[in-house]
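The values are calculated or read from the model by the stated rules, or taken from the named source; none is laboratory data. In this text, all values refer to a predicted model and were calculated from it rather than measured experimentally. Positions of Cβ are generated from backbone atoms using ideal geometry, with glycine treated the same way; all protein chains shown enter the neighbour counts. With ligands, DNA and RNA removed, areas are computed over all heavy atoms of the protein, side chains included. Shrake-Rupley method; radii C 1.70, N 1.55, O 1.52, S 1.80 Å.
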Amino acid sequence: MSHSPTVATNLTMTIGGAAVSGRSSFEVVNPTDEALIAYAPECTREQLDHAVLAARTAARTWAAVPFAQRRRLLHEMADVIDAHVDELGRLVTAEQGKPSAVAAAEVAGLAYWLRETAALTLPETVNEDSGERLSVTRRVPLGVVAAITPWNYPMGQLSFKLGPALLAGNTVVVKPSAFTPLSTLRLGELLRDVLPAGVLTVVSGSGDLGAWLSGHPGIDKVSFTGSTATGRAVMAGAAPTLTRITLELGGNDPAIVLPDVDVPSMAEKLFWAAFSNTGQICLAVKRVYIHADIYDELTRSLADYAATIRMGDPTQEGTQLGPISNRRQYETVLDLIEDCRRQGHTFLTGGTPAPRPGFFVPVTLVDNPPEESRIVREEQFGPVLPLLRFDDVDDVVARANAGEYALGASVWSADPDAALAIARRLDAGTVWVNEIMHLTPQVAFGGRKQSGIGVESGHEGLLEFTEAQTITVRRG
Ligand code: NDP
C-alpha cells in the first residue's frame, strides 16, 4: 500500500455555506489497488451541531423562497454538475471502483434527475370553498433533512434525495459513506456558491457521524439508504423525537425465467441484471429461478457470456467491471463464496479470487444450491449469483416471496401476459416484466417488508419530504 495520497488531500466539508476542515481526518482507499488516495475530514460532534444549527436557520428563509425560484436553482445545480462530470466521475472511480464511463454517466445522471425533479409540482387541495368556509390542504416542508448515502452510487443515491428535498423547501445535510466521501465533498464545494448558505451542508466522518446525525434533535427527517441492519438503528434513533424517516434498505431480488425465452439474449440480459456495478446494486438480481426445461442451456450460456467480460482496472478503456468497493464488502462476499465451497455447491464459473492487489472477486455462478443455503437467503451485494431450478409456478412464487426482503423482482417470458400473471403474485416494491432496474424521476420505488419504509422518486417521493397542513378560514 502506498503512503502518499494520490487523488485529493484537501477537500473540505460545507457548513453554513463555508469551507470547513476536519480537526482530524480519515483515510480513503482506492479499491482497485488498495492505495491510500486521500484524507477526508472527520466531522466532530461540535462541528455537526454547528452544521445542523446553520441548516435550521437557513430552513426558515429557504421555505419562503418561491417554488419557481427553487426550481431555477435546481437547474443551476444541474448546470454546475454537468460542467464537472469528468472531475466528479474521476473521484467516483477512484473511491468506488466503477469503470470511468459508468462513473461519468452516474454524475451526469444526477444532473438529469435534478432537472426532471424540478418539473414536479406539489398539490394543493381545496376541501371546501363555500359561503361559510374556505378549507385548503397544502404540503409544507419538514425543515432539515439528513441525507445518508451508501458507497455503491455516491452520486446516484443523491439523485433520489437532493432534488426532491430542496424543491419541497427543506435544507439538507448530506453524509456520504466513509468509504466514498470524496465526490460528495467536492459536490458540496461546487454547489457552495449556487445555493444560499446553510441550504446544502456536506459533512464526512468515519465513526459515529451517521448515528449522531440521524439521532440529532435538530433533524426533522432522515432519508436513509443503506443496509437493513443500519436502517433498524436509524429507526430506533428517530423514535425519541418522532423524526420522520424514509428507509431504502437491502434486497434479495428474485428473477423468474420461463421456458419460452430466447436463451442467448436472455443470458446477456441476465448477466447485466445481476452483475452491473459488480453486483453492488440494491435492485440487482440476487437469485435466478430458471425453468427446468432451459436450466442447463441457459446456465451454460450465462457462463459462456461471463467468460467474455473484462474485469480489471476501471480507469482502463474497455474494462466492464471493477473491483468490489471496499474491504468490508469484499470480505463479506468472500465469506459467502467460502460457505458455498464448504457446503459442496458447484461453481459453474469463478469461485477463486485472483491473486492480485485490489478487492477483485471474479464473476461466480453457483449451480442450483439448496433454497435454505446462505447464498440464496442472504443479500450478497457482489458478483456471485445462485442459479436455481424450478418446474412449478406455485412453488417458484412461494420461493421468490420467502425471506425478509421485498425490494424488486422480475419475470422474463416471450408471453408478457403469462409473466404479468406471475408478477402480480410477487411481494416486492417494484416488479418488472422483461426488463429490470428501469427507474425514472417520475416513478416512485421503495421496498416492502424489511427492504424499507416509504418511497423515493416521482411524485410520491417528493411528498415524503413534506407534510400535509390544512388551513381553514371561517367566512361571514
Ligand atoms: P450501511 O448501512 O453500512 O451504510 C449506509 C450509510 O449509513 C453510510 O453512510 C454509513 O456511514 C451510515 N451509517 C452507519 N451507521 C449508521 C447509523 N447508526 N445511523 C445512521 N447512519 C449510519 O450500508 P452500506 O454502505 O454497506 O451499503 C450497502 C447496503 O445498502 C446494502 O445492504 C444495500 O442493499 C443497501 N442499499 C439499498 C439501496 C436501496 O435503494 N434500497 C440502494 C443501495 C444500497 P459509514 O460509512 O460512516 O458507516
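Descriptive notes on the structure:
- Listed values for the stretch 276-284 are Karplus-derived 3J(HN,Hα) couplings in whole Hz (6.51 cos²θ - 1.76 cosθ + 1.60, θ = phi - 60°), namely 3, 6, 6, x, 9, 9, 4, 9, 6, and x replaces Gly and Pro.
- Cα-only Debye scattering, the stretch 121-234: base-10 log of I(q)/I(0) at q = 0.14, 0.15, 0.20 Å⁻¹: -0.61, -0.68, -1.06
- Protein accessible area in the chain, 1.4 Å probe - carbon and sulfur %: 51 percent
- The helix-only estimate of mean residue ellipticity at 222 nm for the chain, built from DSSP H runs of length n ≥ 4 each weighted as -39500 (n - 2.57), is -11000 deg cm²/dmol after division by the residue total.
- Compactness check for the stretch 14-91: Cα Rg over 2.2 N^0.38 Å is 1.46.
- In this structure, the amide hydrogen of V222, modeled 1.01 Å from its nitrogen in the peptide plane, lies closer than 5 angstrom to those of A146, R244, I245, T246, counting only residues at least 5 positions away or on a different chain.
- More than 43 Å apart - percent of Cα-Cα pairs taken over the chain: 17 percent
- Cα→Cβ-extended label distance, 7 Å offset, between R310 and N401, nm: 4.5 nm
- When the convex hull of its Cα atoms is projected in every direction, mean area for the stretch 355-476 (nm²): 13.2 nm²
- Highest to lowest packing among 35-48, 380-393, scored as the average C-beta count within 10 Å: 380-393, 35-48
- Alpha-carbon centroid distance for the pair the stretch 372-439 / the stretch 152-224, whole angstrom: 33 Å
- Degrees separating the helix 182-191 axis from the principal Cα axis of the chain, which is the longest one: 30 degrees
- With R₀ set to 41 Å, the beta-carbon distance separating A119 from V473 gives a calculated FRET efficiency near 0.85.
- With every protein chain in place and a 1.4 angstrom probe, the accessible-area ranking of H75, H84, largest first, reads H75, H84.
- 14 Å cut-off, amide nitrogen to a point 7 angstrom out along R133 Cα→Cβ, residues in the stretch 441-472: 470-472
- Over the chain, relative contact order from alpha-carbon pairs under 8 Å, at least 6 apart, %: 18 percent
- The stretch 86-171: projected area of the alpha-carbon convex hull, averaged over directions, in nm²: 6.9 nm²
- Rough spin-label spacing in nm, given labels placed 7 Å along Cα→Cβ, for R23 and R425: 6.0 nm
- Over 19 Å [Cα-Cα, the stretch 179-264], rounded percent: 57 percent
- The simple Förster model, with R0 at 45 Å and r as the Cβ-Cβ distance, assigns R341 and E76 a FRET efficiency of 0.25.
- Equivalent ellipsoid semi-axes - Cα gyration tensor, the stretch 174-216, angstrom: 20, 14, 5
- The angle separating the long axis of helix 100-118 from the principal Cα axis of greatest extent in the chain is about 40 degrees.
- Point-charge dipole on Cβ atoms (K/R +1, D/E -1) for the chain, about Cα centre, debye to 20: 1700 debye
- Å² of accessible area per residue within the chain, as computed with a 1.4 Å probe and no ligands counted: 39 Å²
- On a per residue basis, the convex hull of the C-alpha atoms belonging to the stretch 80-124 measures out at 76 Å³.
- Stokes-Einstein translational diffusion, the stretch 14-143 - Kirkwood Rh over all Cα pairs, 0.890 mPa s, 25 °C, in µm²/s: 132 µm²/s
- Which of L348, G358, Q320, positive extreme of dipole for the stretch 309-388 (C-beta unit charges): G358
- Rounded to whole Å, the principal axis extents of the Cα atoms in the stretch 186-334 read 58, 37, 30, largest first.
- Taken along the Cα-to-beta-carbon direction at a fixed 7 Å, the label points for A414 and V194 span 4.8 nm.
- Range of Cα positions in the stretch 395-444 per principal axis (Å), largest first: 35, 30, 13
- Among beta bridges that DSSP assigns inside the chain, antiparallel share in %, nearest 5: 45 percent
- Phi-based couplings in Hz for the stretch 460-476 (Karplus 6.51, -1.76, 1.60; Gly and Pro marked x): 5, x, 5, 4, 5, 9, 9, 10, 7, 10, 9, 10, 10, 10, 7, 9, x
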